[in-house]
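Please read the structure below before turning to the comments.
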Amino acid sequence: MFGFGKKTDINAGIEEYKKTEGAILIDVRETEEYASGHIPKAINHPLSQITSIGELVQEKDHPVFVYCLSGGRSGKAAEWMKKQGFSKVKNIGGIADYRGPRE
């Protein structure tokens, strides 16, 4: 878990995601935000619909990486998922700091 006040590096998180076999990358921003530009291969599942995440991630031990604009919403999503028993969820921060390609 990340320390209090420590900023998450989304670029390092994306590298870890790419190295994790079978991992899912989830953008928890709203649909309009996702449509304005997202990380390649990211699946949009807004935080406002997090209670239905089990339809997307059916195995609770599946590796999942979540991000949003700044890291706040993805932090809430990761926390909620962990409380529901998802064991391999990681908040990688916000796309605002992402330096790679976007779709």
Fill in: Extreme residue, most open to solvent (accessible area, probe 1.4 Å), among residues of the range 4-36 that are more than 14 Å from the chain's Cα centre (by Cα) and of a type in the set (G, A, S)
S36
Item to complete: Report whether or not V89 is free of Cβ contacts under 8 Å to residues at least 40 places away in the same chain, closer than 15 Å to Y17 by Cβ and open to solvent by less than 20 Å² (accessible area, probe 1.4 Å).
Response: yes
Response to the item:
Restricted to the range 37-53 and to residues being polar (S, T, N, Q) and out of contact with any strand residue (DSSP E or B) (no Cβ under 7 Å at 6 or more places or on another chain), the residue most open to solvent (accessible area, probe 1.4 Å) is T51
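The values are calculated or read from the model by the stated rules, or taken from the named source; none is laboratory data. Since we're looking at a predicted model, the values are computed, not measured. A quick note on method: Cβ atoms are made from the backbone with ideal geometry, for glycine too, and the neighbour counts reach across all protein chains shown. Note: areas computed on protein heavy atoms with side chains; ligands, DNA, RNA excluded. Shrake-Rupley method; radii C 1.70, N 1.55, O 1.52, S 1.80 Å.
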